[in-house]
Structure formats: C-alpha cells, structure tokens
1. If you take the residues of segment 265-289 that are modelled with pLDDT of 90 or more and on the phi > 0 side of the Ramachandran plot, which of them is nearest to the chain's Cα centre (by Cα)?
2. Restricting attention to strands (runs of 3 or more DSSP E) lying wholly within segment 52-158, give those where 2 or more residues are closer than 28 Å to Val168 by Cβ and among the acidic types (Asp, Glu).
3. Let me confirm something: among Gln13, Gln49, which residue is at pLDDT 95 or above and either under 23 Å from Ile159 (Cα atoms) or in contact with a helix residue (DSSP H, G or I) (Cβ under 7 Å, 6 or more places away or on another chain) (or both)?
4. With respect to Met18, is the statement that it is crowded, with 16+ Cβ neighbours inside 10 Å and assigned by TED's automatic domain parsing to the domain that holds Glu132 true?
5. Name the residue, out of Pro23, Pro27, that is away from the ligand (no atom under 16 Å from the Cβ) and either in a helix (DSSP H, G or I) or of a type in the set (Phe, Trp, Tyr) (or both).
6. Residues that are in the same structural domain as Asp143 (by TED's automatic domain parsing), within 15 Å of the ligand (Cβ to nearest atom) and buried (at least 22 other Cβ atoms within 10 Å of the Cβ): find the strands (runs of 3 or more DSSP E) completely inside segment 219-321 holding 3 or more of those.
7. Taking segment 118-159 as the region of interest, how many residues are closer than 17 Å to Gln330 by Cβ and more than 11 Å from the ligand (Cβ to nearest atom)?
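The values are calculated or read from the model by the stated rules, or taken from the named source; none is laboratory data. These numbers were taken from a predicted model, which means no experiment stands behind them. So basically every Cβ, Gly included, is an ideal-geometry build from the backbone, and we count neighbours across all protein chains shown.
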Amino acid sequence: MSPKIKKQKILLQTPKGMRDIMPGVYPFYKSIYEKAEEIAEYYGFFPIQTPTLERIGLFTASLGETSDIIEKEMYTLKTKSEDRLALRPEGTVGIMRAYLEHGMHTLPQPVMLWYKGSFFRHENPQKGRFREFQQFGLEIINDEKAIIDATIIKILVLILEETGIGPVIVRINSIGDKECKNIYRKELLAYYRKNFEDLCKDCKRRYKTNPYRLLDCKEEKCADIKKGAPQILNYLCSSCKQHFKEVLEFLDSSKIPYFLDVYLVRGLDYYSRTVFEIFEDTNKDNGDLTSKSLPVALAGGGRYDSLAKTLSNKDFPAVGGGIGIDRVVQLMIEKKITIKRSKTPKIFFIQIGKAAKYKCLEIIEIFRKAHLPLIQSIGKDSLKGQLKIAAKLNIPYALILGQKETLEDSIIIRDMNSRAQETVPTEKVVEIIKKKIK
Ligand code: HAM
C-alpha cells in the first residue's frame, strides 16, 4: 500500500476507542436518555450541563494522583494561552465545581442534578470499554442522610430496568470516612507487606502507589491473597457503620436486590462511605459473585462527602452515580430489545422542475406543522430517480409535485405498492394522506 493511500485510510478511521453512533443505533441512546430524564425529573432532579473541558488541576486534586484516571487515562492539552485543560474523564467533579462556583448552597437544599454527555478516558478499548463513552448521571449535593444514597441507587436501578434489559443487581460496600480509611489503609498495607513477594508486578507497584487497587487485581495469585485481606467494614467507626446499616435497610425496604462485596473500594479518591456498582443480574448464585465473574458494570457511584472540602473550604456531603449508556445500548442490542422509534416516515416527497423546487420547502413545512415527517431528495431532478429511492426505502406513499401541479396548487399522491395516483388540492393533502397512513 502506498504511503499516500495508507495515510488516507487512517484519516478515514475514527480515533482508537471512539465510534460513530450510526442512525440505526442512535434511537437506542435516545430512548434511554428520554427514559432517564423523565424518571429523574419525576424524582425532582434538575438538568445541568458542564463543559467538556475543565482545568486539569480540578481532576488531579480530587480523583487522586495515583488513580488510574490521573496516572494514565486523561486526555490533556495546553491552549494557546497556556491554560492546561483536560477532556472530562467523569462528571461528578465538574458538577461539584459548578455547585461551588455558582453558590448553589444558597438554593433550597439538597441540590439534585442530572446530566448526560460524553466522557473521555485513554483506556485499552475492549468490549464495553471505549475512550469516548456516554454517561447519564445523578448527583444529590448537601445531604448526608442514608436515604439519599438509597434513592440514588433506586433511581439508577429503575432507569436500567425500564430499558427492558431485565433484572439488575447492586454490588455495594462502605469504605468509611477519612479516619476509617486511614486506619484501614495501614491494616491493608501490613497484610500485603507479608505477602509482597507473591504479588504480581502491577500489584507490587499498587502497594506503593494506591493500596486499595490491590483489591481489584484479577490475577489468580493476587485474588487468592485478597481472600485473607482485612475487610474495611471491620474498621468503620460507629457513625459510618450506622449510616451503612441504614442504607442497606432502605434498599431492603425498597426490595432492591444487592449483595455486599466487602472488597469493593472503587478507584477514585473522592469516595467515602457508600460505594456501589450495578450489573445485569445473570442469575448466578449471588454468594459466588466475585469481581472475576462479574460482567462489566452498567453503572457506578457512591458518596463523596469530602470532595467539596478538597476543592474549597466548605463541607457539602453528597452522593451520586452514573450509568454507562454505551454498555446499556450494547446489552439492549444483544438482547434484541425493540424500542419505540420516533415516527418512521411513510411519505416520500418528489418534485420535478424548477417551479416545484421553489415550492418544495413550503410543502415540507406544511407537513412538519401537521407532525408528518417526509423523506425527500430535493437535490434530485428526475422522477424516475426519486421514485427509485422511495421504493428502496420501502415508503408506502409518494407525493409528486410537478410543473402543472405547482401552477394549479395541487399535488399527486401515489400509492407506491399499487402505483395508483390521484391529484388533490394542496390544502387537502394533509387531511387525505393522514387517513391513508392511519
Ligand atoms: P465510573 O464507575 O467510573 O463512575 O463510571 C460510571 C459508569 O460509566 C460505569 O459503571 C460504566 O458503565 C461507564 N463507563 C466507565 N468507563 C467507561 C468506558 N471506558 N467505556 C464505557 N463505559 C464506561 C463515575 O464516572 C462517577 N463519576 C460516578 C459517580 C457519580 N459517582 C458519584 N456520582
């Protein structure tokens, strides 16, 4: 292959880990977002949209210098005016920045927000893992009650189940507050110190940089060592313990299926107390669910009571979660779930001649106001060419506007199956065609 063709071929490909969402798949995204927005608004959430780019420092300050996102996954850039920005790897930090920047603590509390959009992580692409992916997220800021944690989980479960993918299950744990985490960290390090030589190469590094990540390792030998590791629940202070107990009681009373995973810690520094992930419930024996046997998470979240303090000098306890929309779409497609598509056009509009071309936008507008979408090819001139497209798209009716019809203020309705045609006055066409396609 010549270097020129090779270069051309590369130019025509999306960057690694990024995809076009094609017209056939787009309606799945639309239907999930519509459902999610509707449910969120019924529960009292308001929409917010934050920028795709934020200052790098915002993320490094809050996600943890040694988290995977900061260490290797952030897309960063320097602008011409030397600002150092990052494509947002997640949404929570930007939402908290907006809460603080706009003094939202002066609004009635808690502030409940939903958001959606693209997020970017330079990860190794694999099934369900992309470098640009979409999330729908919910955040409740300035409320520390356990019922708030359960509400977030409940709504995320509701949204997921209403997409039709079937039952889901919540994997949940509490990692305590700053003090509990510090005590646990020491215990964890002491335990892994004894087993250091048997750890994989990555875990030897994690031991030094981010010991909680030791609990995520999928290597068999490390998974075996993990079985004996101290469990954070045993190091929770009494108020964290009580908080978690109440979260579980609320989940029980709402009949939300969950299982306790004492080793779930999640990778971001800002979390405290409740952490959770949501998975498709594949009907495995819950007792046997391990991080190794789990499919990819459809959603994840938790409490982040100290994030506001990290970014400002104020305390605003908060909790939230995000759904990975691409993963849900993949599951819907795999499960052959059909969605109510937006109106599929049943009418193809054909124009022939200059006078008809001048009038065609007017006709399309008449149909738009009547909520009847039209397919058209107004750049084309020949009747045959346009009829061919209508037939190829399987559209049952064509409207034909020629020179004569333009002058007479009429239009031809053609039944594409029987090929029968009738000429009707323009003012009656909507009424007549509505009856036909009913
Ligand atoms: P997260 O667990 O990193 O949490 O992401 C939430 C969900 O986004 C994941 O469960 C997954 O479904 C999806 N996701 C994450 N990375 C990818 C990827 N590379 N490709 C496809 N899907 C992905 C957060 O981002 C937190 N901000 C959630 C949160 C909100 N916590 C509190 N409030």
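1. Going residue by residue through segment 265-289, those that are modelled with pLDDT of 90 or more are 265-266, 270-281.
Pick out the ones that are also on the phi > 0 side of the Ramachandran plot and you get 266, 273.
On the way: Arg266: 18, Arg273: 24 Å.
My answer is Arg266.
2. Numbers: elements: 53-55, 76-78, 84-87, 111-120, 132-141.
Hits in segment 52-158: 132-141.
3. Values: Gln13 fails: either under 23 Å from Ile159 (Cα atoms) or in contact with a helix residue (DSSP H, G or I) (Cβ under 7 Å, 6 or more places away or on another chain) (or both).
Only one candidate passes the filter, namely Gln49.
4. On the way: crowded, with 16+ Cβ neighbours inside 10 Å: no; assigned by TED's automatic domain parsing to the domain that holds Glu132: yes.
No, not satisfied.
5. Numbers: Pro23 fails: either in a helix (DSSP H, G or I) or of a type in the set (Phe, Trp, Tyr) (or both).
Answer to the selection: Pro27.
6. Numbers: elements: 258-260, 272-280, 299-303.
Counting at least 3 such residues, we get 272-280, 299-303.
7. 1
The rows are residues; the columns are (1) outside the structural domain of Phe133 (by TED's automatic domain parsing); (2) part of a helix (DSSP H, G or I).
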| residue | (1), (2) |
| --- | --- |
| Ile323 | no, no |
| Val328 | no, yes |
| Lys357 | yes, yes |
| Phe367 | yes, yes |
| Ile378 | yes, no |
| Leu399 | yes, no |
| Ile412 | yes, no |
| Val429 | yes, yes |
| Ile433 | yes, yes |
